[in-house]
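Please read the structure below before turning to the comments.
Taken together, the values in this text are just the output of simple stated rules run on the coordinates, not laboratory data. None of these values were measured; they are calculated from a predicted model. Cβ placement follows ideal geometry from the backbone for every residue including glycine, while neighbour counts extend to all protein chains displayed.
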Amino acid sequence: MIHPDIASHPDRLAIYQQVMQTDGSPRFAEMCALQSPPGTKNTERAFMQGAWRQMEQMDPKNRDTILADAKKAGISTQGKCFKSGIGHWTDPAAWVTSAEDVLAVAKARNYEVSGVVNHKAIDKCLPPKRVKLAPDIVKQQTEKLLAREPALAEKVKKNPKKLAEVHERVIATHSRKK
C-alpha cells in the first residue's frame, strides 16, 4: 500500500517507483519519496528548529516588541524561544530552551499538549464523591441518638471504636433508601 501523499503527487510517485526498482525496500522508497528520513520528526532538535523558525518568521516589528516587553519584565530571552501556547510573552515560562521546558510547564499548569511533547491534562472537574449522608448530619443525628440513649453513650465513652457502629446506624436510619 503506497502512502496517500505519494500516490497523489506524480513527482513523489516517480521517485518511489525508481527507488523500488533499484533497492526494493518499500520503507526506504517511502522515505525518499516523502523526503522524510528517520529520526528527524519528534526530536529535541526538530522541536527547537521549529521554534527558532517561528521566531525568525515573525514580523520584525512584532518580534522586537515581544523581546522588549520580555526584557522589561525581567526575562532573559538569550538562547530561548517564545511559545505562545504556554503563555504571554511577559511570562517567563513561555520562553523555553528545550522540549523538556514545555513538558515541565504542561505538568505544572495541567496543560494538554501533543507533538514532540506529550502530556495529558488531569480533569480537575471530577464529580463530587457520593456519600450516603452528609457528615454534618451524621454528627448531628449521632449526638441526638447518644443523648436519647445514655447506655449507648456510655458504651461509646468506654470504647471509642463503637462510635463507627453508631455512625453506621445513623446513616442506615436517615439516608435515602433506594
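Before moving on, here are some points about what is shown:
- A simple count of charges around GLU30, restricted to other residues whose Cβ falls under 10 Å of its Cβ and scoring Lys, Arg +1 and Asp, Glu -1, yields +1.
- Rounded FRET efficiency, nearest 0.05, which uses the C-beta distance separating LEU34 from ALA68 and R0 of 45 Å: 0.65
- Helix 60-72 and the longest principal axis of the C-alpha atoms of the chain enclose an angle of approximately 40°.
- Long-range tail of P(r) for segment 44-109 (Cα pairs > 20 Å, %): 21
- GNM remark for the chain: springs join alpha carbons under 10 Å apart, and the peak mean-square fluctuation among HIS167, HIS119, HIS88 falls on HIS167.
- Overall Cα dimensions of the chain - principal axes, largest extent first, Å: 94, 54, 26
- Highest-fluctuation residue, PRO160, PRO60, PRO38 considered, GNM on the chain with Cα pairs under 10 Å: PRO160
- In the chain, the longest principal axis of the Cα atoms and the axis of helix 162-174 are about 80 degrees apart.
- Once the Cβ-Cβ distance of GLN57 and ASP123 is raised to the sixth power relative to R0 = 35 Å, the FRET efficiency obtained is 0.50.
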